[in-house]
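*Asks:* Sharing a structure with you now.
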Amino acid sequence: MIRSALALGLAAITVMSTGSSASAADYDGSRGFDISVPGARFKGVINWKATDLEPPSTFAEIVNAQVSDTAPDDYRAVAYVHYEVVAYEYKCNTEDWCWWEDGDRTVYAKRYLATATPHGDTSPANWSHDAYQGRIENIWVGVCTEQWRTEPNTTIQCSGWR
């Protein structure tokens with residue numbers, strides 16, 4: 001039962017990329033991505049896997065990731081990640097049957113990963129999260145150009161979540 005719950009839970013992990021969406025029917029997987037807007041590029045690989053069945057736990061990471069600034073001098077390239085973690089709760093009935101159920105969902109929206117500036121600069125943009133007794137879902141990546149010199153942190157353009 002736990003193994004099937006993990007399969008269903010991990011199958012919910014999706015990443016829009018230049019390839020197909022990420023899924024984990026076999027409890028682990030990997031997908032590359034390469035996204036850009038004029039002036040910024042973010043590429044790398046998303047990996048995910050079940051790390052334990054008792055309690056059910058998952059791990060996800062972005063590796064070999066780089067954000068690159070290809071914009072004019074007053075812009076910078078900024079890489080972000082969005083992900084969600086569903087906690088597992090252990091439940092038992094009066095007949096001593098016990099199981100894991102989905103609990104609270106925590107959304108980690110638009111988490112900063114790295115910045116590249118000036119024009120031509122490239123920076124590493126790796127990330128990882130270990131969800132002990134939880135399931136990581138909906139891992140999305142995005143890249144934006146931001147103006148930083150005259151108007152700090154003003155977003156110029158974003159790729160949208162992929």
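The values are calculated or read from the model by the stated rules, or taken from the named source; none is laboratory data. On a predicted model such as this, the values are computed, not experimentally measured, just so you know. Neighbour counts are summed over all protein chains in view; Cβ atoms, including those assigned to glycine, are modelled from backbone coordinates with ideal geometry. Remember, those area values only see protein heavy atoms, side chains included, never the ligands or the DNA or RNA. Shrake-Rupley method; radii C 1.70, N 1.55, O 1.52, S 1.80 Å.
*Asks:* Lys/Arg Cβ at +1, Asp/Glu Cβ at -1, dipole of region 39-128 taken about the Cα centre: which of Val86, Gly39, Pro55 is farthest positive-ward?
*Replies:* So the residue we want is Gly39.
*Asks:* Extending each Cα 7 Å along its Cβ direction at Tyr112 and Thr154, get the distance between those two points in nm, one decimal.
*Replies:* Rounded to a tenth, the inter-label distance reads 1.9 nm.
*Asks:* For a Förster distance of 25 Å, can you work out the FRET efficiency between the beta-carbons of Asp121 and Ser30, rounded to the nearest 0.05?
*Replies:* After rounding to 0.05, the efficiency reads 0.40.
*Asks:* Starting from the Cα gyration tensor of region 51-90, take the square roots of the eigenvalues, sort them a ≥ b ≥ c, and report rounded, prolate or oblate (rounded when a/c is under 1.5, otherwise prolate if a/b is larger than b/c, else oblate).
*Replies:* oblate
*Asks:* So, R0 is 41 Å and r is the distance between the beta-carbons of Tyr132 and Thr94; what FRET efficiency does that work out to, to 0.05?
*Replies:* 0.90
*Asks:* Also: Where a ≥ b ≥ c are the square roots of the eigenvalues of the C-alpha gyration tensor, would you call region 16-162 rounded, which needs a/c under 1.5, or, failing that, prolate if a/b is larger than b/c, or oblate?
*Replies:* prolate
*Asks:* Still on this structure, I have one more. In Å², what does the accessible area per residue of region 23-130 work out to with a 1.4 Å probe?
*Replies:* Computed with neighbouring chains in place, this is 51 Å² per residue.
*Asks:* Further question on the same structure: Using only Cα atoms, what Kirkwood radius does region 62-134 have, in angstroms?
*Replies:* With all distinct Cα pairs of region 62-134 included, I get 15.1 Å.
*Asks:* Under a cut-off of 29 Å between alpha-carbon atoms, report the lysines in cross-link reach of Lys91, not counting same-chain residues fewer than 8 places apart.
*Replies:* Lys49
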